[in-house]
Structures are given as C-alpha cells and as structure tokens.
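Here is the structure we will look at.
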Amino acid sequence: MQALDKDTTPEENQNPADATPGANVETTPNLEEMIRLAEQKAEEHHDAWLRAKAESENVRRRAQDDIAKASKFAIERFAGELLAVKDSLEAGLATENPSVESLKSGTELTLKQLVAAFEKSGLKEVNPVGEKFDPNFHQAISMIEAEQEPNTVVSVLQKGYLIADRVLRPALVVVAKAKA
C-alpha cells in the first residue's frame, strides 16, 4: 500500500490501477458526440457549397446577359453617328425645286458626315492603287498588262473597308501582270 502524503487529498494518493471505473473524468469525447460534430460540419460544408454553386450560377447568368446586351447594342454608337447622315439626306430630298448645285453641295456635305461617322467608329477605307496586291485585303477581278510592276494594283473598282484592322469588305481591284 501507498503512504499518504500530508499535502495531498486521499483521491490524489490513490494508485491509478486501484481507481474505480467512472471515477476519472473522460478526456476523449464519446462516439455520439463525435458523430454529431461531424454531421454538423458536413452540413456547414454542404451549405457553403450550395451557396458557392448558386453564386457561380448567378455570375454565369450575369455574364451571359452582359454578352447578349453588348452584342445587341454594339452598333448603337455607329447608328447614332448615321442619324445625322440620314437627316441630311432627308433634308436634301425635302427641298422643292433643288438646283444641281444645291444637290451637289448637299451630297458633298452628307458624304463628309458619313466619312466622319466611319472615322469615329473605326471604319477605315482601303484604296490600294499603286500598292502590291495583298489577297488578305484585296480581291483581284482581273489582270492586265501594264507599265507597273507585276502584282501591283492598277485600278480599284470598289474600295474595301476595315474595322479595327479586320477586313469588312476587300477592295475589288485590277492587278498588273508581266508583259509577254
């Protein structure tokens, strides 16, 4: 048997092997408590996952709406610029007894407005007379013998147009060929 220490209580002097079951405080949680905590954490994670999934769905839906609106209204600025051109044409047609000179000056003014609208919208004219033929920007209609260097644009039948360096319409051209 153990000798009793004066400064300790009888319970502290007991041999751990002599202790009765249930006398010690349990240091590990019981199985039911562990399951309850695991279920609680699983529920929290599931809730967080559902929220994240819903948020990503909302972001995707908003992005699709933004893309749809952007494509639907992309031409809005250009259309606004063309309204002045249309107004000028209508004003010219509304004139009673127009002279040839007034029609010509009105047409020139309208063309200037149209060119300004094109410039503001990034629409560039391709008029390649005298340049080397480039199939990326030009469409050859025919080839003729000319004094110019072979594969050079001799004349332009229809101007081409670019939008931000992308071909909207290639220039229709006649190209010089080598003399026989």
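The values are calculated or read from the model by the stated rules, or taken from the named source; none is laboratory data. This structure is a prediction, so every number in the text was calculated from the model and none was measured. No Cβ is skipped: glycine too gets one built from the backbone with ideal geometry, and neighbour counts run over all protein chains shown.
Structure notes:
- Residues of the stretch 65-88 that are more than 13 Å from residue 120 (Cβ to Cβ), in contact with a helix residue (DSSP H, G or I) (Cβ under 8 Å, 6 or more places away or on another chain) and of a type in the set (Val, Ile, Thr): none at all.
- Some residue of the stretch 154-167 being over 30 Å from residue 84 (Cβ atoms) and either surrounded by 14 or more Cβ atoms within 10 Å (Cβ to Cβ) or polar (S, T, N, Q) (or both): yes
- Some residue of the stretch 72-84 being β-branched (Val, Ile, Thr) and either over 35 Å from the mean Cα position of the chain (by Cα) or not in a loop (DSSP other than H, G, I, E, B) (or both): no
- Residue match in the stretch 89-112 (condition: surrounded by 13 or more Cβ atoms within 10 Å (Cβ to Cβ), closer than 25 Å to residue 77 by Cβ and basic (Lys, Arg)): no
- Some residue of the stretch 126-137 being assigned to a strand (DSSP E or B) and surrounded by 12 or more Cβ atoms within 10 Å (Cβ to Cβ): yes
- Being free of Cβ contacts under 8 Å to residues at least 40 places away in the same chain, surrounded by 14 or more Cβ atoms within 10 Å (Cβ to Cβ), touching a strand residue (DSSP E or B) at 6+ places or on another chain (Cβ under 9 Å) and charged (D, E, K, R) is a property that residue 149 lacks.
- Boolean, residue 68 is closer than 30 Å to residue 165 by Cα, surrounded by 10 or more Cβ atoms within 10 Å (Cβ to Cβ) and in contact (Cβ under 8 Å) with a residue 24 or more places away in the chain: no
- Residue check, residue 94 over 25 Å from residue 160 (Cβ atoms), free of Cβ contacts under 8 Å to residues at least 60 places away in the same chain and not polar (S, T, N, Q): yes
- For beta carbons closer than 6 Å, sequence separation of 6+ or different chains, a first residue in the stretch 31-55 that is in contact (Cβ under 8 Å) with a residue 24 or more places away in the chain and a second that is among the aromatic types (Phe, Trp, Tyr) and part of a helix (DSSP H, G or I), there are no qualifying pairs.
- The residues listed here are 96, 147; of these, the one that is closer than 30 Å to residue 174 by Cα, outside any strand (DSSP E or B), of a type outside the set (Ser, Thr, Tyr) and at pLDDT below 90 is 147.
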